Every structure is written in structure tokens, then in C-alpha cells.
Amino acid sequence: QITDGPTGATVKTRRKLPTVGFPSLLRKFVPSGVTSTATIVWGAAAGDGSGPAKLSVDFHGAPASMKGTITVVPDGAASTVVIDAEFKAHVPLVAGRVEGFAAPIIMGVIDSEEATAKAWATRTTDSG
């Protein structure tokens with residue numbers, strides 16, 4: 001869902017991740033998968049063309065959240081996307097372990113989205 005605002009756009013993406021392959025500690029908290037909603041609020045572009053955004057991810061039914069920033073930085077004919085976010089598990093006694101297990105899963109999702117974006121950009125460039 002994309003909503004235009006006076007200074008930028010808000011993009012909300014909802015996804016469901018199965019827990020197949022998750023460590024058993026994580027499956028205890030989300031046995032049937034985890035649904036997340038990522039909200040990205042883009043601000044106005046800076047003079048150099050860079051674009052800032054605020055990132056917030058809610059993990060429905062799971063005691064966790066993620067907040068941070070995304071910055072798109074011009075890099076010649078391409079752009080570099082910088083994500084600086086903190087994932088927090090809100091689970092007494094085992095929060096650190098949950099965060100440690102979840103970090104590579106979240107990075108895998110980000111890497112997958114990067115690969116999808118690159119493939120889309122290549123198709124768009126090749127057909128245009």
C-alpha cells in the first residue's frame with residue numbers, strides 16, 4: 001500500500017514468513033509463521049538527491065519490533081541503499097538469543113528483496 005503525503009510517501013508492506021528452518025526457540029514464539037508489516041515513510045529528497053526514510057516493522061503476534069532508517073544515496077548511474085535498523089525481541093531472559101537467531105533471517109529477507117529489485121531493474125533497463 002502506497003500513500004502520498006505532503007512531503008513524501010508512505011509504503012506499507014505486509015508479508016508472512018513460514019517458520020520452516022527457524023531455530024526451535026523462535027518457533028516457540030511463532031509456531032505457524034510470522035506476519036510482519038513494514039512501514040517506510042519517505043521524506044523529501046536532499047539537494048544531492050539522497051532520499052531519507054524512517055523504517056518501522058511490526059511482527060504481529062510476536063514479541064519483537066524493528067526500527068531504523070533507510071537512505072538511498074546516488075552513486076553514479078546507480079544508487080546505494082543503506083539500512084540502519086535495530087531489531088528488538090521483547091522476551092525476558094532470552095531476548096539476546098532470540099535477537100541472535102532472528103538477525104540472519106532478517107538479513108536473508110533484505111538480501112532477497114535486494115536481489116528481486118536488481119532483477120526488476122535489469123528487466124526494466126533491458127526492455128526500455
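Quick notes on this structure:
- Between 0 and 90 degrees, the angle of helix 95-127 with respect to the longest Cα principal axis of the chain falls at about 30 degrees.
- Heavy-atom accessible surface of the stretch 14-99: percent carbon and sulfur, 1.4 Å: 59
- Take the chain with all the other protein chains still there, run a 1.4 Å probe, and you get 65 Å² of accessible area per residue.
- Distance between the stretch 66-128 and the stretch 8-33 - C-alpha centres, whole angstrom: 15
- Projecting the Cα atoms of ALA78, LEU93, TRP42 onto the charge dipole of the stretch 30-126, computed from C-beta unit charges around the Cα centre, puts LEU93 farthest toward the positive end.
- For q = 0.23, 0.26, 0.30 Å⁻¹, Debye-computed log10 I/I(0) when each Cα of the stretch 79-123 counts as one equal scatterer: -0.84, -0.95, -1.08
- Residue list for the stretch 25-42, given a label point 7 angstrom along the Cα-to-Cβ vector of VAL109 and an amide N cut-off under 18 Å: 25-41
- Working value for the chain: equivalent-ellipsoid semi-axes of 30, 17, 14 Å, each the square root of 5 times a Cα gyration tensor eigenvalue, largest first.
- Its Cα centre serving as origin, the chain has a Cβ charge dipole (Lys and Arg +1, Asp and Glu -1) of approximately 640 debye.
- Between SER24, SER112, SER56, the Gaussian network model of the chain with springs among Cα atoms under 10 angstrom shows the greatest mean-square fluctuation at SER112.
The values are calculated or read from the model by the stated rules, or taken from the named source; none is laboratory data. Since the model is a prediction, treat every value here as computed from it, not as a measurement. Cβ: placed from backbone, ideal geometry, glycine included. Neighbour counts: every protein chain shown. The area values use the complete protein model at the heavy-atom level, side chains included, leaving out ligands, DNA and RNA. Shrake-Rupley method; radii C 1.70, N 1.55, O 1.52, S 1.80 Å.
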